[in-house]
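Notes follow once the structure below has been shown.
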Amino acid sequence: AQKVTQAQTEISVVEKEDVTLDCVYETRDTTYYLFWYKQPPSGELVFLIRRNSFDEQNEISGRYSWNFQKSTSSFNFTITASQVVDSAVYFCALSDYTGGATNKLIFGTGTLLAVQP
Amino acid sequence: EPEVTQTPSHQVTQMGQEVILRCVPISNHLYFYWYRQILGQKVEFLVSFYNNEISEKSEIFDDQFSVERPDGSNFTLKIRSTKLEDSAMYLCASVDPKRNTIYFGEGSWLTVV
């Protein structure tokens, strides 16, 4: 069975601190996709990244970076120099690879990030 | 940027009433989904829909739930007789398989009293 675990329920940091959100997943599939979504207080899910299991290269996008470690089944997300606007719930998700984006997403329980000014 | 739109944004209904949540997926998308998020909990898959039929559904999606695409543009989720535990945000999504991208709507908050 597929499962995503986000052990950190809530994290509180002060602006400009770096913060890492952990994600550990379980799947029997050898190929799969991993995702991160941001959910601000307004409720919509904002897509941040999709990574396929073939590609273990770390990715950086501005202040965001992702560390995919297949050996430990982890896909951690780091925000550098956090800002108040980063305050949101962040979800990690997993899906099958076959069929691409048409597969259902299995979400973790989310991590609430509060960035204090 | 194309958008998935959902109506209503909020609805309060009495237990036992029927509710219809509406979604307008992005045109030319072929795969549609409903997810549910109970307040403070994780987002859960309900059902996927392709080629005018359900392609997959979860255990949550019991006989009280139904989906349809009545007119080629709207994609609706109907809850026949709402229960208190149906209170949640319902998220619609559509997929562009060519771009391998999932687009979520802003959600419909349902409160059953």
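What the table below lists for this structure:
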| item | result |
| --- | --- |
| All positions within the stretch B:30-70 that are touching a strand residue (DSSP E or B) at 6+ places or on another chain (Cβ under 9 Å), within 20 Å of A:L94 (Cβ to Cβ) and among the acidic types (D, E) | B:E44, B:E56 |
| Residues within the stretch A:14-61 that are without any contact (Cβ under 8 Å) to a residue 24 or more places away in the chain, among the small types (G, A, S) and more than 30 Å from B:T7 (Cβ to Cβ), tallied | 1 |
| Given (1) more than 14 Å from every other protein chain (Cβ to nearest Cβ); (2) within 28 Å of B:D96 (Cα to Cα), index of the condition A:G108 fails | (1) |
| Matching residues in the stretch A:32-60 - criterion: being under 19 Å from B:Q37 (Cα atoms) and over 16 Å from the mean Cα position of the chain (by Cα) | A:P41, A:S42, A:G43 |
| Every residue from the stretch B:61-85 that is free of Cβ contacts under 8 Å to residues at least 40 places away in the same chain and either surrounded by 15 or more Cβ atoms within 10 Å (Cβ to Cβ) or hydroxyl-bearing (S, T, Y) (or both) | B:F61, B:F65, B:S66, B:V67, B:E68, B:R69 |
| Identity of the residue in the stretch B:84-113, part of a loop (DSSP other than H, G, I, E, B) and in contact with a strand residue (DSSP E or B) (Cβ under 7 Å, 6 or more places away or on another chain), that ends up farthest from the other protein chains (Cβ to nearest Cβ) | B:V113 |
| Residue within the stretch B:29-37 that is closer than 22 Å to B:P2 by Cβ, aliphatic (A, V, I, L, M), within 11 Å of chain A (Cβ to nearest Cβ) and part of a strand (DSSP E or B) present | no |
| The stretch B:23-32 - residue that is out of contact with any Lys or Arg (no Cβ under 8 Å at 6 or more places or on another chain) and touching a residue at least 60 places away in the same chain (Cβ under 8 Å) and, of those, farthest from B:V95 (Cα to Cα) | B:C23 |
| Matching option when the condition is over 10 Å from the mean Cα position of the chain (by Cα) and either more than 14 Å from chain B (Cβ to nearest Cβ) or closer than 18 Å to A:I79 by Cα (or both), among A:D22, A:D29 | A:D29 |
| The stretch A:62-108: number of residues that are within 18 Å of A:L45 (Cα to Cα), modelled with pLDDT under 95 and out of contact with any strand residue (DSSP E or B) (no Cβ under 7 Å at 6 or more places or on another chain) | 0 |
| Yes/no for B:F61 being under 13 Å from the mean Cα position of the chain (by Cα) and more than 9 Å from chain A (Cβ to nearest Cβ) | yes |
| The stretch B:7-28, residues that are part of a strand (DSSP E or B) and either under 23 Å from B:D63 (Cα atoms) or among the acidic types (D, E) (or both) | B:T7, B:Q11, B:V12, B:T13, B:V19, B:I20, B:L21, B:R22, B:C23 |
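The values are calculated or read from the model by the stated rules, or taken from the named source; none is laboratory data. Source: prediction; values computed, not measured. Please note: Cβ atoms are built from the backbone with ideal geometry, for glycine as well, and neighbour counts cover all protein chains shown.
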